[in-house]
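Visitor: Dropping a structure here in structure tokens format, bear with me for questions.
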Amino acid sequence: MKKMISLLLVCVMAFSFTACGNSAETEEADTAEVAVTEETTEEAETEEATAEEVATDGTITVGVVQTNANESDWRTANTKSFNEAFAEAGFEIKMVFGEGDHAKQISQAQQLIQEEVDYLVVLGLQSAGWEDVAKAAKEAGIPFIMADRKLELSEDLYTAMVCSDFEAEGVKAVDWLKTQELDAAKIVVLGGDTGSSAQLGRSKAIEDGAAANGWEIVFNQNMKGWDETLAKQAVADLIASGTEFNVIYAENDNMARGACDAMDAAGITYGKDGDVTVIAFDANKWALEYVLEGKFNLDVECNPLHGPRIVELINSLEAGEVVEQNAYVDEEMFDCDTITQEIVDARSY
Ligand code: GYE
């Protein structure tokens, strides 16, 4: 409306200035001016109407603050899940990517609040530092939903959480490793993005597990962006340094594959019949093929298919239903001694 009024004012002013010229020219200019004015007004009205249509046709607009576009196969499946489920539900999605920059994610979230999205879904690169955004969303009356990674927020600052319990995932791996009865576990930890709740939880589990079981962690570094190449290089350097290890604890499938590539290059055996036990997280379909082939000993599932879960949550909120504020995703694990081709074939990501 503001835009239309200013356009009209400009046209009226232009019309009045033209009226001061000589009569013939003035008449022609006036006609042109009136034509422009009518056209501009009509354009403005069309734009106004279009804008109002979008705003009032009831479409739910969801802002999604995603981590990185190409972070991992898990992330690709996660983004695809949002896009497909939201399209099927008729939601308009506004997805933005932080690309490794926490401050960028914060400003992206603030921008989506300014754009008055109906819901804000955040997958945080960092678990800390989200209070101001959550408060701004609350003040704007926009429900704040955490997906994938739990953020450090008090329960009055978010509407709902659909996340994985990453420490529980790590404990599953530790409990499984205990059953392997390794004489002297020497563990290489390939962590995810420092400060993400996924890295914090999985790393805490193995660090606590090693302390409780007398295992030695011979290497413990987080790979920026969960990067497969960085993981491969780190393991290659470790091998070159002569450091002995017999367990790879990689906090996602891609980094586990990088470690295996480095071991292949050095002629080190791993997996079901090898010298090094390989533990991975995410359970992408290709990674479960690795488990079936005996390359990975264990893969702990971290299910990325949050799209349908968030759609169901939003539809419940739209219907005025009471929703569970903290919902953890059910997940399992797969080991090379029990996995089957049928299990792998049934996987959807
Ligand atoms: O394990 C990793 C992804 O947040 C659980 O992020 C997710 C993690 C997942 O890049 O592959």
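The values are calculated or read from the model by the stated rules, or taken from the named source; none is laboratory data. Please read these numbers as outputs of a predicted model, since none were measured by experiment. Every residue, glycine as well, gets a Cβ built from its backbone with ideal geometry; the counts of neighbours run over all protein chains shown.
So that you can scan it fast, the table gives a plain yes or no per residue for (1) within 16 Å of the ligand (Cβ to nearest atom); (2) touching a Gly at 6+ places or on another chain (Cβ under 8 Å); (3) over 20 Å from Pro143 (Cβ atoms):
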position	(1), (2), (3)
Gln66	yes, yes, no
Ala85	no, yes, no
Glu88	no, no, yes
Lys94	no, yes, no
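Visitor: Then there is this: If I filter the range 188-198 for residues that are in a helix (DSSP H, G or I), under 30 Å from Glu99 (Cβ atoms) and not charged (D, E, K, R), do I get at least one hit?
Guide: Just the residues of the range 188-198 that are in a helix (DSSP H, G or I), to begin with: 197-198.
Keeping just the survivors that are under 30 Å from Glu99 (Cβ atoms) gives 197-198.
Then drop every residue that is not not charged (D, E, K, R), which leaves 197-198.
Yes, the range 188-198 contains a residue that is in a helix (DSSP H, G or I), under 30 Å from Glu99 (Cβ atoms) and not charged (D, E, K, R).
Visitor: Another question, then. Report, by residue number, each residue of the range 291-349 that is in a strand (DSSP E or B), of a type in the set (Phe, Trp, Tyr) and in contact with a helix residue (DSSP H, G or I) (Cβ under 6 Å, 6 or more places away or on another chain).
Guide: At the first step, the residues of the range 291-349 found to be in a strand (DSSP E or B) are 298-301, 326-328, 333-335.
Right, trim to of a type in the set (Phe, Trp, Tyr) and you get 328, 334.
The one that is in a strand (DSSP E or B), of a type in the set (Phe, Trp, Tyr) and in contact with a helix residue (DSSP H, G or I) (Cβ under 6 Å, 6 or more places away or on another chain): Phe334.
Visitor: OK, next. So which helices (runs of 4 or more DSSP H) are wholly in the range 82-182 and hold at least 3 residues that are more than 30 Å from Asn297 (Cβ to Cβ)?
Guide: Here the list reads 102-114, 131-139.
Visitor: From (1) of a type in the set (Lys, Arg); (2) in contact with a Ser or Thr (Cβ under 6 Å, 6 or more places away or on another chain); (3) assigned by TED's automatic domain parsing to the domain that holds Asp237, pick out the condition that doesn't hold for Arg149.
Guide: (3)
Visitor: When only residues in the range 174-208 that are β-branched (Val, Ile, Thr) and within 16 Å of the ligand (Cβ to nearest atom) count, which is surrounded by the most Cβ atoms within 10 Å (Cβ to Cβ)? Explain how you work it out, then say what you get.
Guide: To start, the set of residues in the range 174-208 that are β-branched (Val, Ile, Thr) comprises 174, 179, 187-189, 194, 206.
Still in the running and within 16 Å of the ligand (Cβ to nearest atom): 189, 194, 206.
Values: Val189: 21, Thr194: 14, Ile206: 24.
So the residue we want is Ile206.
Visitor: Please find, within the range 103-129, the residue that is surrounded by the most Cβ atoms within 10 Å (Cβ to Cβ) out of those that are among the charged types (D, E, K, R) and under 24 Å from Ser81 (Cβ atoms).
Guide: Of everything passing the filter in the range 103-129, Asp118 is surrounded by the most Cβ atoms within 10 Å (Cβ to Cβ).
Visitor: Another question, if that's okay. Is it the case that some residue within the range 211-231 is hydroxyl-bearing (Ser, Thr, Tyr) and touching a strand residue (DSSP E or B) at 6+ places or on another chain (Cβ under 8 Å)?
Guide: Let us first name the residues in the range 211-231 that are hydroxyl-bearing (Ser, Thr, Tyr), namely 229.
Filter once more, keeping what is touching a strand residue (DSSP E or B) at 6+ places or on another chain (Cβ under 8 Å): none.
Scanning the range 211-231, I find no residue that is hydroxyl-bearing (Ser, Thr, Tyr) and touching a strand residue (DSSP E or B) at 6+ places or on another chain (Cβ under 8 Å), so the answer is no.
Visitor: Can you give me the number of residues within the range 164-183 that are in contact (Cβ under 8 Å) with a residue 60 or more places away in the chain and under 17 Å from Gly271 (Cα atoms)?
Guide: Residues that pass the stated criteria total 5.
Visitor: Which members of the range 152-186 meet the condition of being more than 20 Å from the chain's Cα centre (by Cα), more than 30 Å from Cys336 (Cα to Cα) and of a type in the set (Ser, Thr, Tyr)?
Guide: The one that is more than 20 Å from the chain's Cα centre (by Cα), more than 30 Å from Cys336 (Cα to Cα) and of a type in the set (Ser, Thr, Tyr): Ser154.
Visitor: Can you name every residue in the range 229-254 that is within 16 Å of the ligand (Cβ to nearest atom), in contact (Cβ under 8 Å) with a residue 40 or more places away in the chain and either farther than 24 Å from Gly195 by Cα or not hydrophobic (A, V, I, L, M, F, W, C) (or both)?
Guide: Filtering the range 229-254 down to residues within 16 Å of the ligand (Cβ to nearest atom) leaves 229-232, 248-254.
Add one more test, that the residue is in contact (Cβ under 8 Å) with a residue 40 or more places away in the chain, and what stays is 231, 248-254.
Hits for the range 229-254 are Tyr249, Glu251, Asn252, Asp253, Asn254.
Visitor: Moving to a separate point now. Which is touching an Asp or Glu at 6+ places or on another chain (Cβ under 9 Å) and away from the ligand (no atom under 16 Å from the Cβ), of Ala168, Ala160, Ala137?
Guide: After applying the criteria, what remains is Ala160.
Visitor: Return the residue satisfying two criteria in turn: it lies in the range 312-349 and is in contact (Cβ under 8 Å) with a residue 60 or more places away in the chain and of a type in the set (D, E, K, R), and of such residues it is surrounded by the fewest Cβ atoms within 10 Å (Cβ to Cβ).
Guide: So the residue we want is Asp337.
Visitor: Counting just the residues of the range 232-291 that are surrounded by fewer than 17 Cβ atoms within 10 Å (Cβ to Cβ) and of a type in the set (Ser, Thr, Tyr), which one comes out nearest to Leu182 (Cα to Cα)?
Guide: Once the filter is applied, the top-ranked residue is Thr269.
Visitor: If you don't mind, there's one more thing I want to ask. Could you please give the count of residues in the range 262-290 that are away from the ligand (no atom under 16 Å from the Cβ), outside any helix (DSSP H, G or I) and on the phi < 0 side of the Ramachandran plot?
Guide: Number satisfying all stated conditions: 9.
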